[in-house]
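Structure first, commentary second.
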Amino acid sequence: MLPSEKLKPIYDKIVWLHVYNDFEEGDADRAATRIRIRFSVSSWPQLLLVDPYTLEVVGQTGRQVDSFLKAVENVKIERPKYAENDELLKKLKEGEELASELETKPTAKGAKKALESDDLVARFRAVEYFGKEDPSELVEKAGEFLKVKNDLLRYEVCKAITAAGEKVTFTDEVVRQLEEIVRDPKDSRNPNVLRSYAIAALGACGTAESLEAIKPHAVEGKANNSTTGVAVDAIGEIGKRSKEAGAAAAAILLDCFIESTGGNTEQKQIDWYAGMAKRIAEKAHKHLQELTGKKTDFPKTYNEETRAELRKAFEEEVKDLLEKAEKASKRKKKR
């Protein structure tokens with residue numbers, strides 16, 4: 001867009017910043033990453049308009065010259081008083097220094113300080129540190145951080161919960177927040193990825209109630225969407241971890257032998273899709289064997305015929321699980 005003659009009138013009205021990662025983890029690369037974290041950028045290219053004083057995103061321009069010009073025209077920036085600006089710069093500098101220190105010389109002491117910081121990037125680095133070293137330190141802050149409208153911070157919290165598994169117990173509030181993200185990943189620039197991380201986290205901490213939030217993405221998801229496989233695994237993990245969820249999880253997994261052609265009509269496309277669908281079906285097969293106790297071989301070829309055979313192979317066992325679960329529920333109510 002930049003060579004366009006239409007943009008010349010605004011060249012000197014904007015401070016242009018090109019953020020580039022070379023992923024070599026040098027000083028410049030880490031600085032670029034901190035900028036991406038701060039502005040919730042996990043996919044690119046992205047073109048954002050940012051208030052230089054508050055660092056709030058005040059406009060998204062699209063990738064066309066006309067939409068860019070319109071976005072710039074609609075933004076009005078108010079210059080703060082010098083004292084306010086100095087305070088903002090001071091806080092930014094402190095946050096950058098704290099985050100930078102955790103990148104090169106991470107310590108528990110520094111991470112605890114960053115965890116309490118108001119700076120988003122410092123908090124991100126603290127979550128990253130404790131997610132690897134001691135996820136229990138995140139129990140009190142996880143719910144608060146999941147509410148922050150920043151994809152990368154929420155990704156990191158979800159990753160920490162997933163890695164912690166059963167070693168750390170997160171609150172019911174956190175579980176419900178994860179379910180809500182799965183249903184509607186609000187304020188996200190990369191909603192499918194955010195949803196996928198939240199589903200994986202529920203695989204580690206979710207309950208029987210979490211199954212309904214995950215179910216559509218396991219049963220109705222496409223084979224070429226990575227979230228589908230994550231959802232199938234999460235349902236299996238919840239079913240194995242929670243006695244109350246086992247039968248319901250098995251019933252959902254029975255529907256996770258997904259359609260093998262993806263609606264394609266050309267053989268080349270059918271074969272391409274079937275390969276991915278097979279990997280999803282293998283996950284469902286593995287979890288169903290573990291939940292029902294029935295062992296059966298997975299077919300060499302996954303197509304509509306073998307798909308139907310796989311479902312039929314587990315139907316009776318899943319029916320038995322559901323009946324036992326219903327009887328147990330009735331007994332529990334009588335008490």
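Values computed for the structure shown
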read-out: Check on Asn192, within 15 Å of the chain's Cα centre (by Cα), over 29 Å from Ser136 (Cβ atoms) and surrounded by fewer than 22 Cβ atoms within 10 Å (Cβ to Cβ); value: yes
read-out: For Gly262: the one exception among (1) more than 24 Å from the chain's Cα centre (by Cα); (2) under 18 Å from Thr306 (Cα atoms); (3) in a helix (DSSP H, G or I); value: (3)
read-out: Residue list for region 272-285, filter: open to solvent by 20 Å² or more (accessible area, probe 1.4 Å) and touching a helix residue (DSSP H, G or I) at 6+ places or on another chain (Cβ under 7 Å); value: Arg279, Lys283
read-out: Tally of residues being part of a loop (DSSP other than H, G, I, E, B) and crowded, with 17+ Cβ neighbours inside 10 Å across region 195-207; value: 1
read-out: Residue among Lys294, Lys268, Lys222, Lys300 that alone is in contact (Cβ under 8 Å) with a residue 24 or more places away in the chain and open to solvent by 30 Å² or more (accessible area, probe 1.4 Å); value: Lys222
read-out: Criterion: in a helix (DSSP H, G or I) and either in contact with a strand residue (DSSP E or B) (Cβ under 6 Å, 6 or more places away or on another chain) or at pLDDT 95 or above (or both) - qualifying residue of Glu166, Glu156; value: Glu156
read-out: Single residue of region 34-62 satisfying the filter (in contact (Cβ under 8 Å) with a residue 60 or more places away in the chain and not small (Gly, Ala, Ser)) that is nearest to Leu152 (Cα to Cα); value: Ile37
read-out: Neighbours by Cβ (under 7 Å, 6+ apart or cross-chain): first from region 316-335, under 15 Å from Ser242 (Cβ atoms); second among the polar types (S, T, N, Q); value: Leu321/Thr292
read-out: Residue, most open to solvent (accessible area, probe 1.4 Å), within region 21-64, restricted to residues that are of a type in the set (Gly, Ala, Ser) and in a helix (DSSP H, G or I); value: Ala28
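The values are calculated or read from the model by the stated rules, or taken from the named source; none is laboratory data. In this text the structure is predicted, and so the values were computed from the model without any measurement. Please note: Cβ atoms are built from the backbone with ideal geometry, for glycine as well, and neighbour counts cover all protein chains shown. In case anyone asks, the SASA skips ligands and DNA or RNA and just uses the protein heavy atoms, side chains included. Shrake-Rupley method; radii C 1.70, N 1.55, O 1.52, S 1.80 Å.
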